[in-house]
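Step one of this worksheet: look at the structure below.
The values are calculated or read from the model by the stated rules, or taken from the named source; none is laboratory data. Please read all numbers here as calculations on a predicted model, not as lab measurements. Here the Cβ is made from the backbone with ideal geometry for all residues, glycine too, and neighbour counts use every protein chain on show. Keep in mind that these areas ignore ligands, DNA and RNA; they rest on the heavy atoms of the full protein, side chains included. Shrake-Rupley method; radii C 1.70, N 1.55, O 1.52, S 1.80 Å.
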Amino acid sequence: MTMVSRRRMIGLITAGGLAAPVLARAQSAADRNISSFTMQRWQDHFDDLGLGAIVADTRSRALHFWSGDAQTYRTYPTSVPISDELTKRGHTKIVRKKEGPSWTPTASMMERFPHYRPMGPGPDNPLGTHAMYLSWPAYLIHGTHDTRKIGRLSSDGCIGLYNEKIEELFGMCPVGTQVRII
């Protein structure tokens, strides 16, 4: 339901019967902007926080982070895998972190895009500015220079964040941070 102040409502009513169309437009704009993030609790996914905990929710396209001391909680919008076949779900952990990562296309990418070639760090690198490698081969939480991907089904298995958000998360997550992808 769209909230309209009393002053705004009176203005709409006195505008000569234009209140209904204006309210209808306001409602449809609000509906398009409602967040689909689903609230998560770390206790529903892990026995304890350990060094820290991440839940990457592929349905709501959000990553949830809790620090090991439970003092910090963050939620970030993400890009997620383009299909269920490319989505690995379950428990893993961060095993390595890299600022300025290099990128190597996966075998499935090479089948679809044979012109792809490995790429060093830089503005065209699909991994963005920072990458956190998971214990599953070829699965990462990383940044992206292509901000159109965030909030969309757009990866071959990885979880992508805006570069400024992965930089923040990278700084808070030690190697060994537990991760669950749902």
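A compact table of results
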item: Gyration tensor (alpha-carbon) shape descriptor, the stretch 136-175, a/c threshold 1.5; result: oblate
item: Rounded to 5, the percent of DSSP beta bridges in the stretch 52-182 classed as antiparallel; result: 70 percent
item: In nm, spacing of pseudo-spin labels at residue 108 and residue 49 (7 Å Cα→C-beta vector); result: 3.4 nm
item: Tensor-based shape of the stretch 59-182 (alpha-carbon gyration tensor, a/c under 1.5 rounded, otherwise prolate or oblate); result: prolate
item: Net +/- balance of residues flanking residue 169 in space, Cβ distance below 14 Å, scoring K and R +1, D and E -1; result: 0
item: In nm, spacing of pseudo-spin labels at residue 146 and residue 86 (7 Å Cα→C-beta vector); result: 0.9 nm
item: Cα centroid of the stretch 46-119 to Cα centroid of the stretch 147-182, whole Å; result: 5 Å
item: Accessible area expressed per residue, the stretch 71-182, with surrounding protein chains retained (probe 1.4 Å, Å²); result: 52 Å²
item: Anisotropy class of the stretch 94-166 from Cα gyration tensor, a/c 1.5 cut; result: rounded
item: 14 Å beta-carbon shell around residue 136, net charge (K/R +1, D/E -1); result: +4
item: Relative packing of peptides 165-173, 125-133 - highest average C-beta neighbours within 10 Å first; result: 125-133, 165-173
item: For the stretch 76-132, alpha-carbon Rg over 2.2 N^0.38 Å; result: 1.27
